[in-house]
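The values are calculated or read from the model by the stated rules, or taken from the named source; none is laboratory data. Note that the structure is a prediction, hence the values are computed from the model and not measured. Note: ideal-geometry Cβ built from the backbone for every residue, glycine included; neighbour counts use all protein chains shown.
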Amino acid sequence: MTEEVPSYLSPTGQEVVFLLMGAVAVGSALLVVTTRQLVHAALWLVVSFGALAGCYLVLTAEFVAWVQVLIYVGAVVVLMLFGIMLTRAPIGRSADLDSGNRVVAAGVALATAAILVTVVIDGFRTAYTPLTPGAGSASELGASVFSTWVLPFEALSVLLLAALIGAIVLSRTDIPGGPPADPPDPPDTSTSSQGDPADQSGSSPSDRSGGH
Amino acid sequence: MHIVYPAVISALLFSVGVYGVLARRNTILVLMSVELMLNAVNLNLVAFDVWLRDRLHSGQVLTLFVIVIAAAEVGVGLAIVLALYRNRRTVDLDQLRELAEPAQPLPAATEATGQWAPGDRSPDPGKLTPAPPNVTESGDRPPTPGSRNVAMGEAAPSGNGREDQRSAKRGGKP
């Protein structure tokens, strides 16, 4: 695939659209991580994910684009907004959204970007493919999901069920702790991941009674 | 389509996500930045699937799987954040330092043992009976009361502030 690479100086219409979408995605992602209002970060996240869905559409991955719109824009961002509401975050402008190590973080991110962009440009300068529509349609992807990738698909459904049950158990406060969770202090000292959810459910009633 | 374009865009998105994870203080904003990094990976997967013309569509199928796993991750992560908010009244990452190493390990350990052990014994000695097996799990100590202090002294610095908070709360309750 290294032969007959077209010039970078005369981009096709697809490339222009893709680059515009990518610029929108990267710009709104920058706004997500730099904005001072928490709700605006979630809304800029919608813009970024929508632009990425447009990128997938240009890359002829239609089904992935619609799944991106449905799950990310429809579910994940709504979950984030629920989380923002339920933690009673400040709705307006708040000054303390960034931690103290902002300069170090910017340095690390710039170094990551420089290294990745350099390596990627150096490695894939001559990679080119013409885009042919239909390769990422729902029928093609469905055929390959349900023929080749059936086992990961089923494992993924079990994982979703486990995540659902885990989220329910973590968010309920009225689950009584078992006998090992009743004395709260010694399981804490071991800092094992096992003792944590049971410990939370055991300690939250005392927290509530202490608050009132 | 030159493959450099999606690769560069996904590299930039990934580093924006790295900046967000490192620089943000609110836990939900950190989760959003993790989503940005996952989306960068997804863009790479789709681009290389298109470039290599994979007959099995492994790149796009893996993208779908990553999207589903990200949704599950956000659900569990937000449940953890809400449990955290219920117990601590804060989601600031800078204030959640119980798992950090203390500055001087040895004085902090002895101090924690001295503060914590009386508060543990005072309310109900019968409640302590299930505790020693757990200590033996973590520290491989026999469950005698004499060796328990040693095991606590080893394990105490990890949960230092929380233990103090707990013992103070239990002392004030009755």
Next on the checklist: Take residue B:32 and tell me if it is more than 7 Å from chain A (Cβ to nearest Cβ) and of a type in the set (A, V, I, L, M).
Outcome noted: no
Checklist outcome for this item: Of the residues in the range B:51-89, those that are surrounded by fewer than 17 Cβ atoms within 10 Å (Cβ to Cβ), outside any helix (DSSP H, G or I) and either facing another protein chain (nearest Cβ under 7 Å) or small (Gly, Ala, Ser) (or both) come to B:56
Checklist entry - Counting just the residues of the range A:120-141 that are more than 9 Å from chain B (Cβ to nearest Cβ) and without any contact (Cβ under 8 Å) to a residue 40 or more places away in the chain, which one comes out farthest from residue B:46 (Cα to Cα)? => result A:122
Next on the checklist: Just checking, does the range B:17-31 include any residue being within 30 Å of residue A:94 (Cα to Cα) and among the charged types (D, E, K, R)?
Outcome noted: yes
Next on the checklist: Take residue A:152 and tell me if it is at the interface with chain B (Cβ under 7 Å from one of its Cβ atoms), more than 27 Å from residue B:90 (Cα to Cα) and surrounded by fewer than 18 Cβ atoms within 10 Å (Cβ to Cβ).
Outcome noted: yes
Item to check | Contacts under 7 angstrom Cβ, first residue in the range A:146-173 being of a type in the set (A, V, I, L, M, F, W, C), partner surrounded by 15 or more Cβ atoms within 10 Å (Cβ to Cβ) and outside any helix (DSSP H, G or I), 6 or more apart | outcome: A:169/A:175
Next on the checklist: For a quick check of your reading of the model, give me the residue pairs whose first member lies in the range A:93-113 and is more than 17 Å from residue B:15 (Cα to Cα), whose second is among the hydroxyl-bearing types (Ser, Thr, Tyr) and surrounded by 17 or more Cβ atoms within 10 Å (Cβ to Cβ), with beta-carbon atoms closer than 9 Å and at least 6 apart or on different chains.
Outcome noted: A:97/A:35
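Residues checked against (1) within 30 Å of residue B:82 (Cα to Cα); (2) within 7 Å of chain B (Cβ to nearest Cβ); (3) not in a loop (DSSP other than H, G, I, E, B):
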site: A:19; (1), (2), (3): no, yes, yes
site: A:31; (1), (2), (3): yes, no, yes
site: A:41; (1), (2), (3): yes, yes, yes
site: A:44; (1), (2), (3): yes, no, yes
site: A:57; (1), (2), (3): no, no, yes
site: A:74; (1), (2), (3): yes, no, yes
site: A:80; (1), (2), (3): yes, yes, yes
Checklist entry - at pLDDT below 90, of a type outside the set (Asp, Glu) and either in a loop (DSSP other than H, G, I, E, B) or surrounded by fewer than 16 Cβ atoms within 10 Å (Cβ to Cβ) (or both), is that true of residue A:133? => result yes
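Conditions (1) in contact with a strand residue (DSSP E or B) (Cβ under 8 Å, 6 or more places away or on another chain); (2) at pLDDT below 90; (3) at the interface with another protein chain (Cβ under 7 Å from one of its Cβ atoms), marked per residue:
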site	(1), (2), (3)
A:108	no, no, yes
A:118	no, no, no
A:145	no, no, yes
A:202	no, yes, no
A:211	no, yes, no
